[in-house]
1. On the given criteria, is Glu124 loosely packed, with under 15 Cβ neighbours inside 10 Å, free of Cβ contacts under 8 Å to residues at least 12 places away in the same chain and over 21 Å from Ser32 (Cβ atoms)?
2. Look at the stretch 27-60 and say how many of its residues are touching a Gly at 6+ places or on another chain (Cβ under 6 Å) and within 15 Å of the ligand (Cβ to nearest atom).
3. Please indicate, with yes or no, whether at least one residue in the stretch 40-48 is at pLDDT 95 or above, closer than 19 Å to Gly119 by Cα and of a type in the set (Ser, Thr, Tyr).
4. Could you please give the count of residues in the stretch 78-112 that are in a helix (DSSP H, G or I) and either more than 8 Å from the ligand (Cβ to nearest atom) or buried (at least 18 other Cβ atoms within 10 Å of the Cβ) (or both)?
5. Just the residues that are out of contact with any strand residue (DSSP E or B) (no Cβ under 9 Å at 6 or more places or on another chain) and either basic (Lys, Arg) or under 21 Å from Ala88 (Cβ atoms) (or both), please, taken from the stretch 1-58.
6. How many residues does the stretch 113-148 contain that are at pLDDT 95 or above, assigned to a loop (DSSP other than H, G, I, E, B) and of a type in the set (Gly, Ala, Ser)?
7. Mind checking which residues of the stretch 30-62 are among the hydroxyl-bearing types (Ser, Thr, Tyr), surrounded by 14 or more Cβ atoms within 10 Å (Cβ to Cβ) and outside any strand (DSSP E or B)?
8. Condition first: in contact with a Leu (Cβ under 9 Å, 6 or more places away or on another chain), more than 18 Å from Arg128 (Cβ to Cβ) and either more than 8 Å from the ligand (Cβ to nearest atom) or free of Cβ contacts under 8 Å to residues at least 40 places away in the same chain (or both). Now tell me which residues in the stretch 61-75 satisfy that.
Amino acid sequence: MTRPMLVLRPEDAGRMSRLHMLCFDDPWSAISFRGLLLDTSILTLGIELEGELAAFVMAQTVAGESDILTVATAPAHRRKGLAAMLIAALISRLGERGVSRITLDVAEDNAPARELYRGLGFTEDGRRPRYYTSGRDVPVDAVLMSRNMGLHPTQM
Ligand SMILES: CC(C)(COP(=O)(O)OP(=O)(O)OC[C@H]1O[C@@H](n2cnc3c(N)ncnc32)[C@H](O)[C@@H]1OP(=O)(O)O)[C@@H](O)C(=O)NCCC(=O)NCCS
């Protein structure tokens, strides 16, 4: 089912931060989100369910390439396709703006996110060793992934 997509604005910083807190060991503050939402190089899409922010994705575009900064779905709304829907919409909007490639990094031990990105056509480019430390006894690698614009192989 498609869901209405919102472009999030600085006034959404508080609810984004609250949702981030449910999803990450090192959540970003409302002040940080507000600064990011004021930055015109950043596009943030969200989905509301029953009036509550259920998921969002944020990407920054510099020199024709975009980097996904964060993605989060509230625990109560996971596995409903929200993150996949948001990233697909992001890819489409960024493509219309002439972006040629989207990059991201993800913790090696974050199987749900790696599976999400793989399913959307992102492939692994490299690693940043022992990059993630927060909430872990042992640091884990950041996996660097990217997706070129154009058709996903499964759509050809
Ligand atoms: C990763 C995250 C954003 C996924 O959000 P979501 O809305 O539940 O994801 P979707 O329902 O769109 O899932 C799309 C696909 O991703 C994969 N996926 C998502 N969650 C998964 C899980 N727990 N285990 C395995 N695969 C998973 C599946 O392939 C899924 O498709 P399917 O449900 O048809 O099998 C969510 O788990 C989350 O917020 N996690 C904490 C924050 C985080 O890790 N963000 C990413 C940082 S890089």
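The values are calculated or read from the model by the stated rules, or taken from the named source; none is laboratory data. Only a predicted model underlies this, so the values are computations on that prediction, with no experimental measurement involved. Because the Cβ atoms are built from the backbone with ideal geometry, glycine has one as well, and the counts that use them run over all protein chains shown.
1. Against the criterion (loosely packed, with under 15 Cβ neighbours inside 10 Å, free of Cβ contacts under 8 Å to residues at least 12 places away in the same chain and over 21 Å from Ser32 (Cβ atoms)), Glu124 does not qualify.
2. Within the stretch 27-60, residues that are touching a Gly at 6+ places or on another chain (Cβ under 6 Å) and within 15 Å of the ligand (Cβ to nearest atom) number 2.
3. So far as the stretch 40-48 goes, no, none of its residues is at pLDDT 95 or above, closer than 19 Å to Gly119 by Cα and of a type in the set (Ser, Thr, Tyr).
4. 14
5. Those that are out of contact with any strand residue (DSSP E or B) (no Cβ under 9 Å at 6 or more places or on another chain) and either basic (Lys, Arg) or under 21 Å from Ala88 (Cβ atoms) (or both): Met1, Thr2, Arg34.
6. Number satisfying all stated conditions: 1.
7. Kept after step one, since they are among the hydroxyl-bearing types (Ser, Thr, Tyr), are these residues of the stretch 30-62: 32, 40-41, 44, 61.
Going one step further and asking which of them are surrounded by 14 or more Cβ atoms within 10 Å (Cβ to Cβ), we end up with 32, 44, 61.
Ser32, the sole residue that qualifies.
8. Those that are in contact with a Leu (Cβ under 9 Å, 6 or more places away or on another chain), more than 18 Å from Arg128 (Cβ to Cβ) and either more than 8 Å from the ligand (Cβ to nearest atom) or free of Cβ contacts under 8 Å to residues at least 40 places away in the same chain (or both): Thr61, Ser66.
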